[in-house]
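The values are calculated or read from the model by the stated rules, or taken from the named source; none is laboratory data. Because the structure is predicted, anything quoted here is derived from the model rather than measured. Heads up, the Cβs are rebuilt from the backbone with ideal geometry, glycines too, and the neighbour counts pull from every protein chain shown.
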Amino acid sequence: MTALARAAAPLALLALPAAALAQDVPPANAAQYWGLMARDQLATIAARDDAGPQLNAVIVAKDAAAVASEVAAAKDLPLQGRTVLVKDNIETREWPTTAGSLALKDNATGRDAPLIARLRKAGGVVLGKTNLSEWANIRSTSSTSGWSAVGGLTKNPHALDRNACGSSSGSGAAVAAGMAWAAIGTETDGSVTCPASVSGIVGLKPTVGLVSRTHVVPISASQDTAGPMARSVADAALLLNAIAGPDPADAATADAAKHLTDFTAGLGSSSLKGQRVGVLRKMVGNDLRVAQLFDAAVADLKRAGAEVVEIDYEMPKEMGDAELTVLLYELREGLGAYLKGSPASIPVRSLDDVIAFDDAHADAEMRWFRQELFEQAATTTDAAASKKAHDDNLRLAGREGIDKLLAANKVSLLVAPTVGPAWTTDLVNGDHYNGSIGATSLAAIAGYPHLTVPMGAVEGLPVGLSFIGAKWSDHALLLAGAAYERARTARLPVPSLKPWAPAAE
């Protein structure tokens, strides 16, 4: 079957190998190829999101005629009309940007976030907006990831009764279910990498400052970033090419231009031979099945030529405590500035306004969980305490964390499981994931890059392998991730689009 015929097959995306979606199509065929793919993706959204299992991953999508026109216009550009779904806390000119809250249902700004403008310039087609954990999961201590008042509850395509993780739940689930070529998520701490891991796809949280945050509903100026979510490392790198770059309105991106490169360069021939890789053994956690998967992944790294170095490290508790102080202070400041600056007619212009809105609309907004973190953030006003916590965190996670681990052990990167298998969704009691697994917070707090690549599954539930490196080492992580993809021996699960059931013995 030719590539074009395969693309035309209805609802065929789940059967395609990741490489088939990453290939460069000759410009003469690009409009037809990606047009057929887009048609299939829209059909998949209709069959799997609006109907059938009703994944609730996509909040809104374009009509077929508009998509076809945009794909045709992009055939000579780098992305050639590939379709991208965008998390609904990132502004796009077509639709309101809600962050999942009814308070922002009319937040139609008519503008593109700079990262979206870059995406379009590179020939990416914005297919629609994805659901998310409301307010990027910073509202409550007892929330259920993947739920928002606007979009409802996102389901995991590998097990409909299990969680898609947050806050980029819709982006991860949509890519895994074949609803777009790729998606854009955002992360403050785990919100790209966790959804990617439990959905069985690739996710990159870039170095903070590589991608603009302007016109993205914020949590933390210190830790927020957008990142690509895709079916392969090559696709994630290609999407990063499109969205990375400096933005005069975002001071964090002042050095971005110095670190821009072709992030796809060398991926096809990258090697782990001779690389020293640090294994964060204590970050494997207490799940023996995850430990077995991780051991198999480490064995794959060794067979690919890597020299594995066992590292004895535990994240200090005070780092997490300081992180919460920083996030709450920066949430109140940053969200207030965003709301005040929105040109849309919205009923909230501060965090206090949002709290009052939720109280007034409690039946719709707070049936399942409250807003304890919002209320705590509203009283977190000590700038000096926040700065001290921020400085302590950068030291603990950066200089005395990742930087020291890399230098002292003479390794080029660190690996650990990303997170455990998806947990059962429970709107009544909230999330109950295994917090002993992974080193996500280490990279998030430092602002350093973190790549997750599928490494197998536990009872049909995907688990990712984390690659963590120094600041601005995004390309190096992608090269290592691509080399691991080729060396991986584990079988990867295909989404069942059914509730979880034990595998047959």
Considering only residues that are out of contact with any Gly (no Cβ under 6 Å at 6 or more places or on another chain) and either surrounded by fewer than 24 Cβ atoms within 10 Å (Cβ to Cβ) or more than 18 Å from Gly124 (Cα to Cα) (or both), which ones fall in the range 173-185? Ala173, Ala177
Residue in the range 224-258 that is farthest from Ala487 (Cα to Cα), counting only those that are in a loop (DSSP other than H, G, I, E, B), of a type outside the set (Asp, Glu) and touching a strand residue (DSSP E or B) at 6+ places or on another chain (Cβ under 8 Å): Arg231
Subset of the range 262-305 (residues that are of a type in the set (Ser, Thr, Tyr) and surrounded by 13 or more Cβ atoms within 10 Å (Cβ to Cβ)): Thr264, Ser270, Ser271
The correct count of residues that are modelled with pLDDT of 95 or more and either exposed (fewer than 11 other Cβ atoms within 10 Å of the Cβ) or among the polar types (S, T, N, Q) (or both) in the range 486-505 is 3
Which of the residues spanning the range 145-188 are closer than 17 Å to Val419 by Cβ and among the acidic types (Asp, Glu)? Glu187
Residues to consider are Ala446, Ala397; find the one that is within 18 Å of the chain's Cα centre (by Cα), buried (at least 24 other Cβ atoms within 10 Å of the Cβ) and touching a residue at least 24 places away in the same chain (Cβ under 8 Å). Ala446
Can you pull out every residue in the range 283-326 that is in a loop (DSSP other than H, G, I, E, B), closer than 19 Å to Ala444 by Cβ and of a type in the set (Gly, Ala, Ser)? Gly285
Would you confirm, using the coordinates I've provided, whether Thr379 is in contact with a Ser or Thr (Cβ under 6 Å, 6 or more places away or on another chain) and among the polar types (S, T, N, Q)? no
Filter pass, Leu427 being out of contact with any helix residue (DSSP H, G or I) (no Cβ under 6 Å at 6 or more places or on another chain), aliphatic (A, V, I, L, M), surrounded by fewer than 18 Cβ atoms within 10 Å (Cβ to Cβ) and in contact (Cβ under 8 Å) with a residue 12 or more places away in the chain: yes
Somewhere in the range 85-96, is a residue within 29 Å of Leu351 (Cβ to Cβ), of a type in the set (Asp, Glu) and surrounded by fewer than 23 Cβ atoms within 10 Å (Cβ to Cβ)? yes
Answer with yes or no whether Thr83 is within 30 Å of Trp368 (Cβ to Cβ), of a type in the set (Ser, Thr, Tyr) and either modelled with pLDDT of 95 or more or in contact with a Ser or Thr (Cβ under 6 Å, 6 or more places away or on another chain) (or both). no
Filtered residue count, the range 470-504, keeping only those that are closer than 30 Å to Ala257 by Cβ, part of a helix (DSSP H, G or I) and in contact with a helix residue (DSSP H, G or I) (Cβ under 6 Å, 6 or more places away or on another chain): 4
List the number of the failed condition for Ile116; all other conditions in (1) in contact with a Leu (Cβ under 9 Å, 6 or more places away or on another chain); (2) surrounded by 24 or more Cβ atoms within 10 Å (Cβ to Cβ) hold. (1)
Of everything in the range 239-261 that's among the aliphatic types (A, V, I, L, M) and surrounded by fewer than 20 Cβ atoms within 10 Å (Cβ to Cβ), which residue is nearest to Asp474 (Cα to Cα)? Leu260
Considering every residue within the range 319-328, establish whether at least one is in contact with an Asp or Glu (Cβ under 9 Å, 6 or more places away or on another chain), free of Cβ contacts under 8 Å to residues at least 60 places away in the same chain and of a type in the set (A, V, I, L, M, F, W, C). no
Can you find a residue in the range 466-475 that is at pLDDT 95 or above, among the aliphatic types (A, V, I, L, M), buried (at least 18 other Cβ atoms within 10 Å of the Cβ) and within 26 Å of Asp189 (Cβ to Cβ)? yes
